[in-house]
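The values are calculated or read from the model by the stated rules, or taken from the named source; none is laboratory data. In this text the structure is predicted, and so the values were computed from the model without any measurement. Reconstructed Cβ throughout: ideal geometry from the backbone, glycine too, with neighbour counts over all protein chains shown. These area figures cover heavy atoms from the full protein model, side chains too; ligands, DNA and RNA do not enter into them. Shrake-Rupley method; radii C 1.70, N 1.55, O 1.52, S 1.80 Å.
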Amino acid sequence: MALERSGRLARVLCAFLTTLTVVVAGCSDSEAPRSDADARAATGAAVRPQPEPERSRARIVFLGDSLTAGLGLPREQSVPSLIQERLLTEGFRYDVVNAGVSGDTSAGGLSRLDWSIEGDVAVLVLELGANDGLRGLPVAQLKRNLTEIITRARQRGIAVVLTGMEAPPNYGAAYTSEFRQAYRDLAEEHDVVFVPFFLDGVAGIASLNNADGIHPNAEGATIIAQRLWGVLEPLLEKHDQ
């Protein structure tokens, strides 16, 4: 607040504050109070500009099952955590959200979509379907759920990275082929970034998986994160230095 340096205004201000039982330190008849910046300017001292508040970071949400959650791994070794580390290393200012829930099907992911993508979400990495395949659930149902997730995310202006999955062979060749094709059809119909197989280069390799032979170990997760980074990086905006 700028005040004229007159005795009259200073006395009026002091009297007013006194009636409100507010103690004003340094209030005198000769000069009104000044801010620290005013005082430095009066003495010729440099005035430091106040830093602007840091902008909140946009988020990258990984919506998935145990493969996303990092079952059997410390949290920091999960694929989303490795992507967060890479973002920081490369100078990108995004927060990664690990919305992986072990055992989740595509229907489960759809049921928690809205709160998973609340706020400023820039990218949704969609990794669902493995449990649909393990349970032999209808492919039409899988496709319907993933379609709804993609559509609702796109309506909010969120870029989608769809990662494909393979069904186990015990349900027959026809089911396996239909299951695989569903992801390819979705990617084409919705024109989203597509990774054909989330576990590519890791599945079936004992040295890259935990003892269950299904969930990647730390080395396997690193391979997956490296491949995902190749499709994520073009979608991101580098923070102005």
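Residue-by-condition table, conditions (1) more than 30 Å from ARG57 (Cα to Cα); (2) in contact with a Gly (Cβ under 8 Å, 6 or more places away or on another chain); (3) not aromatic (Phe, Trp, Tyr):
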site: VAL97; (1), (2), (3): no, no, yes
site: VAL139; (1), (2), (3): yes, no, yes
site: ASN145; (1), (2), (3): no, yes, yes
site: GLU148; (1), (2), (3): no, no, yes
site: ILE158; (1), (2), (3): no, no, yes
site: GLU166; (1), (2), (3): yes, yes, yes
site: ALA174; (1), (2), (3): yes, no, yes
site: GLN181; (1), (2), (3): yes, no, yes
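When ARG144 is tested against (1) assigned to a helix (DSSP H, G or I); (2) closer than 17 Å to ALA69 by Cβ, just one condition goes unmet, and that condition is (2). Looking only at the range 55-95, count every residue that is at pLDDT 95 or above, part of a loop (DSSP other than H, G, I, E, B), small (Gly, Ala, Ser) and in contact with a Gly (Cβ under 9 Å, 6 or more places away or on another chain) and tell me the total. Looking only at that region, the number is 2.
With surrounded by fewer than 19 Cβ atoms within 10 Å (Cβ to Cβ) and either among the basic types (Lys, Arg) or in contact with a Ser or Thr (Cβ under 9 Å, 6 or more places away or on another chain) (or both) as the only criterion, which of SER102, SER78 stands out?
Values: SER78 fails: surrounded by fewer than 19 Cβ atoms within 10 Å (Cβ to Cβ).
Step by step, each of SER102, SER78 is checked, and only SER102 is surrounded by fewer than 19 Cβ atoms within 10 Å (Cβ to Cβ) and either among the basic types (Lys, Arg) or in contact with a Ser or Thr (Cβ under 9 Å, 6 or more places away or on another chain) (or both).
Of the residues GLY157, GLY119, the single one that is touching a residue at least 60 places away in the same chain (Cβ under 8 Å), open to solvent by 50 Å² or more (accessible area, probe 1.4 Å) and not in a helix (DSSP H, G or I) is GLY119. Residues in the range 193-232 that are buried (at least 17 other Cβ atoms within 10 Å of the Cβ), in a loop (DSSP other than H, G, I, E, B) and touching a residue at least 60 places away in the same chain (Cβ under 8 Å): PHE198, LEU199, HIS215, ASN217.
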